[in-house]
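Written below as structure tokens is the structure these notes are about.
The values are calculated or read from the model by the stated rules, or taken from the named source; none is laboratory data. From a predicted model like this one, the values you see are computed outputs, not experimental measurements. Neighbour counts run over all protein chains shown; Cβ positions are idealised from the backbone, glycine included. Just so you know, the surface numbers come from the protein's heavy atoms only, side chains and all, with ligands and any DNA or RNA stripped out. Shrake-Rupley method; radii C 1.70, N 1.55, O 1.52, S 1.80 Å.
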Amino acid sequence: MGRRLIGITLGDPAGIGPEVVAKALASGKLDQRFDYEIIRGTPRRALEAGAQRCLAGDLAALVTGPISKRQIAPWPGQTEFLAQLAGTKRFAMMLASDTLRVALVTTHAPLREVPGLIRRRKIIEVVELTRDFCRRLGMRRPRIAVTGLNPHAGEGGLLGTEEKRIIAPAVRQADAIGPCSADTVFYRAARGEFDAVVAMYHDQGLAPFKLLAFDNGVNITLGLPFIRTSPDHGTAPDIAGRGMARPDGMIAAINLAARLAFPRL
């Protein structure tokens, strides 16, 4: 059983991570059921230490500040880095806000490689992880929509065959909804028709998400044996140290981690 202590990494020291962490801790808006501890060290070492302390039960959750990809190369992001540290093969990236939740089948991959990376097994896996996350938020029967890859979800095969060959069979097996045309599904989800959307690739899911939740979106790594969240923004070195960074995303990330962790205590 974990303590009521949440660890926070500062992220890239040349970015806005230290500033938004400090502002969040001073905001008076954090879940008062928990204490918060800054995990110090280089970005990579802090991540490693935080993950190990979560696995050992010393921390109830880990909230990570934004870092640049070069800090954890060759991993493409913190999601993959933490999954390997935890020995997790079944994981996914999700972005969440009060109005929209989006999980990704592929993450930081060149667009030309995306069609070859889409697999029926992976789509089913991401849908299942998404459904589990929604249930942890109290949704008994989550409505999960899955996007197509091509315009108009392939237009019956006229604009691509991935929907018929791969995505539709996965959707049926996972008991989800789709394949849905990506140009309308996020509008429908934001209006409450769906509880979450599973998107095929990074910008397909994150562009509409950030339009609606740029300042308070939260990145969650699904499938880890511990809770990990992060604000859904980058290091923003152009404004670092100028007092301009908004802490909304960090506050949201910390409070979501606390919400997910509290039932486990």
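ARG259 meets the conditions (1) farther than 24 Å from ARG131 by Cα; (2) open to solvent by 50 Å² or more (accessible area, probe 1.4 Å) in every case but one. The failed one is (1).
Condition first: open to solvent by 60 Å² or more (accessible area, probe 1.4 Å) and of a type in the set (Val, Ile, Thr). Now tell me which residues in segment 159-175 satisfy that.
Keep residues of segment 159-175 that are open to solvent by 60 Å² or more (accessible area, probe 1.4 Å), which gives 159, 161, 164-165, 172-173, 175.
The one that is open to solvent by 60 Å² or more (accessible area, probe 1.4 Å) and of a type in the set (Val, Ile, Thr): THR161.
Can you tell me which of GLY178, GLY156 is modelled with pLDDT under 95 and either open to solvent by 30 Å² or more (accessible area, probe 1.4 Å) or polar (S, T, N, Q) (or both)? If you could, list the steps in order and put the result at the bottom.
Details: GLY178 fails: modelled with pLDDT under 95.
Only one candidate qualifies: GLY156.
Restricted to segment 181-202, and to residues that are in contact (Cβ under 8 Å) with a residue 60 or more places away in the chain, in contact with a strand residue (DSSP E or B) (Cβ under 9 Å, 6 or more places away or on another chain) and aliphatic (A, V, I, L, M), which residue is surrounded by the most Cβ atoms within 10 Å (Cβ to Cβ)? Step through it out loud before you land on a result.
Going residue by residue through segment 181-202, those that are in contact (Cβ under 8 Å) with a residue 60 or more places away in the chain are 186, 189-190, 195-202.
Next, from what is left, pick out any that are in contact with a strand residue (DSSP E or B) (Cβ under 9 Å, 6 or more places away or on another chain): 186, 189, 195-202.
From what's left, aliphatic (A, V, I, L, M): 189, 196-200.
Values: ALA189: 24, ALA196: 24, VAL197: 31, VAL198: 33, ALA199: 28, MET200: 26.
Checking each candidate, the answer is VAL198.
Only one of the numbered conditions (1) open to solvent by 70 Å² or more (accessible area, probe 1.4 Å); (2) in contact with a Pro (Cβ under 9 Å, 6 or more places away or on another chain); (3) over 19 Å from ASP98 (Cα atoms) is not met by GLY148, and that is (1). Being within 23 Å of LEU5 (Cβ to Cβ) and out of contact with any strand residue (DSSP E or B) (no Cβ under 6 Å at 6 or more places or on another chain) narrows it down to one residue among PRO225, PRO237; which is it? The match here is PRO225. Identification of strands (runs of 3 or more DSSP E) wholly contained in segment 115-230 with 2 or more residues that are of a type in the set (S, T, N, Q) and within 30 Å of ALA60 (Cα to Cα) yields 218-222.
Applying the selection to segment 32-58, what residues are assigned to a loop (DSSP other than H, G, I, E, B), open to solvent by 20 Å² or more (accessible area, probe 1.4 Å) and in contact with a strand residue (DSSP E or B) (Cβ under 8 Å, 6 or more places away or on another chain)?
Filtering segment 32-58 down to residues assigned to a loop (DSSP other than H, G, I, E, B) leaves 32-34, 40-42, 56-58.
Restricting the remaining residues to those that are open to solvent by 20 Å² or more (accessible area, probe 1.4 Å) gives 32-33, 40-42, 56-58.
Within segment 32-58, just ASP58 meets the criteria.
The residues listed here are THR161, THR147, THR106; of these, the one that is polar (S, T, N, Q) and out of contact with any Phe, Trp or Tyr (no Cβ under 9 Å at 6 or more places or on another chain) is THR161.
So for segment 224-236 (the condition being farther than 27 Å from GLN84 by Cα, touching a helix residue (DSSP H, G or I) at 6+ places or on another chain (Cβ under 9 Å) and hydrophobic (A, V, I, L, M, F, W, C)), does at least one residue qualify? Spell out how you get there, then give the answer.
So in segment 224-236, the residues farther than 27 Å from GLN84 by Cα come out as none.
No, because not a single residue in segment 224-236 is farther than 27 Å from GLN84 by Cα, touching a helix residue (DSSP H, G or I) at 6+ places or on another chain (Cβ under 9 Å) and hydrophobic (A, V, I, L, M, F, W, C).
Could you check how many residues of segment 1-31 are in a loop (DSSP other than H, G, I, E, B), open to solvent by 20 Å² or more (accessible area, probe 1.4 Å) and at pLDDT 95 or above? Explain how you work it out, then say what you get.
In the first step, residues of segment 1-31 are kept if they are in a loop (DSSP other than H, G, I, E, B); the result is 1-4, 10-16, 26-31.
Checking which are open to solvent by 20 Å² or more (accessible area, probe 1.4 Å) leaves us with 1-4, 10, 13-14, 26-29, 31.
Still in the running and at pLDDT 95 or above: 10, 26-29, 31.
Qualifying residue count, segment 1-31: 6.
Of all the residues in segment 101-140, those that are within 18 Å of the chain's Cα centre (by Cα) and either surrounded by 16 or more Cβ atoms within 10 Å (Cβ to Cβ) or among the charged types (D, E, K, R) (or both) number 22. Where residues in segment 224-234 are surrounded by fewer than 22 Cβ atoms within 10 Å (Cβ to Cβ) and at pLDDT 95 or above, which of them is farthest from ALA14 (Cα to Cα)? So, considering only residues that are surrounded by fewer than 22 Cβ atoms within 10 Å (Cβ to Cβ) and at pLDDT 95 or above, the one farthest from ALA14 (Cα to Cα) is PRO225. A Cβ distance below 9 Å, combined with a sequence gap of six or more or placement on separate chains, defines the contacts here; from segment 35-55, residues that are closer than 15 Å to GLY11 by Cβ reach residues that are among the polar types (S, T, N, Q) and part of a loop (DSSP other than H, G, I, E, B) in the pairs PRO43/SER68. Scanning segment 235-256 for residues that are assigned to a helix (DSSP H, G or I) and open to solvent by 10 Å² or more (accessible area, probe 1.4 Å) turns up ASP248, ILE251, ALA252, ASN255, LEU256. Taken together, the criteria exclude ALA174 from residues that are out of contact with any strand residue (DSSP E or B) (no Cβ under 9 Å at 6 or more places or on another chain), touching a residue at least 12 places away in the same chain (Cβ under 8 Å) and more than 25 Å from LEU256 (Cα to Cα).
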